[in-house]
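Have a look at the structure below, then the notes.
The values are calculated or read from the model by the stated rules, or taken from the named source; none is laboratory data. Since the model is a prediction, treat every value here as computed from it, not as a measurement. Heads up, the Cβs are rebuilt from the backbone with ideal geometry, glycines too, and the neighbour counts pull from every protein chain shown. Remember, those area values only see protein heavy atoms, side chains included, never the ligands or the DNA or RNA. Shrake-Rupley method; radii C 1.70, N 1.55, O 1.52, S 1.80 Å.
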Amino acid sequence: MLLDLIKGVALLLSLCLLYGILLRGQLPWLGRRGRRLLTGLLFGSLCIVGMSTPITLAGSGVIFDARSVILSMAGLFGGPLVAGVAGAMAAGFRLWLGGAGAPVGVSVILLSALAGLLYRFLARHKWLSLRFRNLVLFGLLLHLLVIYCFTYLPNEAAELIHSLFGLEFLLVFALATALLGSLLLDARRRRRTELALARSQRHLKAVVHAIPDLLFVFNDEGRYLEMLTHEEAHLVRSRADLLGKRISEVFAPEQAVSLLAVLQRTLQQGPQCHEYQIVTLGGQLRWFEGRTHVLGRYQGHRNCIVWLARDITERKEREEQIANLAFYDPLTGLPNRRLLRERLGQGLKESQRTGQYGALLFFDLDHFKIINDTLGHDMGDQLLQQVAARLQQGVRKVDTVARLGGDEFVVLLVGLDAQRVSAAHHCRRVAEKLLGELGRPYRLAGQEHYSTVSMGLALFLGEEHSAETLQRHADLALYQAKAAGRNTFRFYDETMQVAIKQRVILESALRQGLQLRQFQPFYQLQINDAGWVLGAEVLVRWQHPERGMISPADFIPVAEETGLIIPLAEQLLAQVCRQLVAWSSQPGFADLSLAVNVSARQVRQEDFVERIIAQVRHSGANPQRLKLELTESLLLHDMDDMIRKMTALKAFGIGFSLDDFGTGYSSLSYLKLLPLEQLKIDQSFVRDLLNDPNDAAIARTIIALADSLGLSVIAEGVEHESQRRFLAEQGCHTYQGYLFGRPGPLERFMASLRLDEQGRLVLRQAPDA
Ligand SMILES: Nc1nc2c(ncn2[C@@H]2O[C@H](COP(=O)(O)O[C@H]3[C@@H](O)[C@H](n4cnc5c(=O)[nH]c(N)nc54)O[C@@H]3COP(=O)(O)O)[C@@H](O)[C@H]2O)c(=O)[nH]1
């Protein structure tokens, strides 16, 4: 009998296997409810199988089987649906079998299923755990109740059961319940663990795929064990090709060594970060940042390492861009001021170490503003780019060419020579070469243009001077080069420093002089062939209380640069206008006109026209008696603006004389557009008129040109009668020069004149023949 019972129980245990399979998530398409239904069917079927091979109490209609165990476990692990399905099947089958024990058999089915559900309820609320001891107690209790149910069987069957195997039944079935419960519990736990593991693996996979990084697993020899990437093109070779290979088989020796070193460091020192470049499968050169971590054992390999590689190409490019912006000039691609400072610092140190001289060359494009203004900024930019290219081609690789901004360039020459004289000679040769190169025509928008540069050179040896001082020296030398007429270079020397200091002193004295009204007009007469005085040129003089009379040649350029020329010109014009008003009622003088020099700074004022007109109006002077002397260089600036301003002043009555004519580059086509009245032959041509055929030819041409343009012509710097005569022969009949009178104060000027019989002003004393 005991053996029969155990046989029945063994059947039950096979249930676990099937249950386990079901739990393992096979048949996922069934869904949760479907799987429960199937489990119910399984439990029910087992009950039916059990009831089909029962222990039968002969002729009593009573059968014995393990349905109580199965159904209680169906309730406990399967829940209401499983217990319901299994119970219904078991009850149906038991009723179908019939017999005297059928009602009790169905009651046992119900009792077992409900007991299982009750235990499930208690366990869910944590009032009762599923420990083996509790399962045994549950089994005992359940089967005590089942035995109690047997008392409702016909008497003889009930007694037979109690006498034959009541105790064995209780013990075996209680134990079977506990055992089955434990097995099912174990299967469920295992399943839950597997599910959790699968879920966390899914999560990990999702995370790895979500991040843009590549994940590699290497062993300690640098062999590829695993890799995860959603962009195979970012690998150095295909995944299939890489797996199992060693880093040394994939990368060039040098790179392989550095990558392997990272793996070794990871094993020895812990996580590492390493930036490296690879050529990807897609043929691109890309930057990666590798972060490593020890993984431990993996796929049977000890000491494995995880390598997370992030594509940082864009970041690197941005970093490079930023570095470029910070250290390079975007227009020319040359090093900028900051990088130059760094290189100069290195150059000074290098010179200190080697004892070799170096040199700093400052460049400034002559009249670059004119190119910018006349041709436009695009052309200006093109010119700067071409200058940059020529400078770079003109020096060695070790030298530095930089752009400071605008039209300012710098060349840093290093390792020139240990001897100062030789170094200077070398530097001079470079300067001459660059001067020549930069003076060659430039092709801008298909047309040839000319441009020149001025250069300031400063030699250095070691760290005797700071970088700042050196730059100041080169700048001062550049200033000298410009002052020397541009398109040339100058070396810095100590005397230059003195000159600059003097300039600073002069500037402050100029300001003071303006306040104290130390500037006075000198008048130099202008006369014609007939000896009639037509007027005078007004030339400013500075009556300095300590230094005496200072020549305008010494202070006008400084006044120009500092802008002090504006108040100075206004003071002078006010005096000139007052003089014209004063003369307007004096016989002879009323017809004189006064010529005043106008500087570039003045003309460039936006309200230049308005200021002049306001001053003349305010004084009450006749504008017809006023002449403004312009130099050719003024016209180079912005010709259209110049024409507009001159036309406005001409309309007001003021005349214009073009000073220093022949020394500049006036375009004849523009000359026709200017509302000029007079051309002035520069004294430099008059000086050697009789000895230099070129000067004579130029003077002749200017006279002819004035004639053809309908302009009057005057020659300045006439010192000798022979010069005057020559000029007269060529057709120039108006003169200014020492032959007739030097510039002088008003009293001297007026005293030198008298009225002739016709009421014309003539020289009191005829000039020496
Ligand atoms: N913007 C202004 N510029 C001015 C003003 N006053 C003068 N200047 C400019 O300064 C430069 C030097 O002028 P200055 O020393 O006065 O020299 C002038 C004449 O004195 C000189 N000159 C005249 N005749 C002779 C001569 O026979 N021989 C000789 N060696 N020199 C002579 O020439 C200068 C004439 O200058 P300009 O006609 O203007 O070219 C000079 O450039 C002045 O323009 C001022 O108020 N504003």
Cβ-Cβ FRET estimate between Arg341 and Gln277, R0 fixed at 30 Å, reported to 0.05: 0.50
Three-way shape call for the stretch 64-162 based on the alpha-carbon gyration tensor, with the a/c threshold at 1.5: oblate
Dipole-positive endmost among Ala196, Gly78, Cys427 within the chain (Cβ charges, Cα centre): Gly78
Only Lys, Arg (+1) and Asp, Glu (-1) charged, at Cβ; the stretch 476-614 dipole about Cα centre in debye: 300
Whole-Hz ³J(HN,Hα) from phi, Karplus 6.51 cos²θ - 1.76 cosθ + 1.60, for the stretch 670-682, glycine and proline x: 6, 3, 5, 7, 7, x, 7, 10, 8, 10, 10, 6, 5
Charge dipole magnitude, Cβ of K and R +1, D and E -1 - the chain, Cα centre, debye nearest 20: 5140
Between helix 693-709 and the chain: long-axis angle, C-alpha atoms, 0 to 90°, nearest 10: 80
Relative contact order [Cα under 8 Å, 6+ residues apart], the stretch 304-452, whole percent: 26
Gained length - Val207 relative to Ala88, 0.36 nm times residue gap less alpha-carbon distance: 38.2 nm
Cα gyration tensor shape of the stretch 614-769, rounded if a/c is under 1.5, else prolate or oblate by comparing a/b with b/c: oblate
Farthest positive-ward along the chain dipole, Cα basis, beta-carbon charges - from His720, Leu568, Trp532: Leu568
Sparsely packed chymotrypsin sites (Phe, Trp or Tyr not before Pro) within the stretch 127-174, loop by DSSP, other Cβ within 10 Å at most 10: Trp127
Computed magnitude of the charge dipole of the stretch 372-500 (debye, nearest 20; Cβ of K, R +1, Cβ of D, E -1): 440
Rounded, prolate or oblate (a/c below 1.5 giving rounded, otherwise prolate when a/b exceeds b/c) for the stretch 691-736 by Cα gyration tensor: oblate
Carbon + sulfur, % of accessible area of the stretch 679-769 - ligands and nucleic acids excluded, 1.4 Å: 46
0 to 90° range, to nearest 10: angle between helix 2-23 axis and the chain longest Cα axis: 20
The stretch 167-178 - phi-based ³J(HN,Hα) in whole Hz, Karplus 6.51/-1.76/1.60, Gly and Pro as x: 5, 4, 4, 4, 5, 5, 6, 5, 5, 4, 4, 4
Cα lying deepest toward the dipole's positive end in the stretch 268-373, options Gly300, Gln352, Leu334, charges on Cβ: Gly300
Calculated from backbone phi, Karplus (6.51, -1.76, 1.60) coupling profile of the stretch 513-528 in Hz, x at Gly/Pro: x, 5, 5, 8, 6, 8, 9, 9, x, 10, 10, 10, 5, 10, 9, 10
Crossing angle, helix 313-327 versus the chain [Cα axis fit, 0-90 degrees, rounded to tens]: 20
Once exposed loop trypsin sites (Lys or Arg not before Pro) are cut out (DSSP; at most 12 other Cβ, 10 Å), longest piece of the chain: 127-395
Paired Rg and Dmax values of the stretch 565-654, which use every Cα atom, in angstrom: 13.1, 41
Equivalent ellipsoid semi-axes, the chain, via Cα gyration tensor eigenvalues times 5, rooted, Å: 119, 32, 21
Amide H contacts under 5 Å for Val453, placed H, 5+ residues apart: Asp366, Asn487
FRET E, pair Thr469, Val294, Förster distance 51 Å, beta-carbon r, rounded to 0.05: 0.35
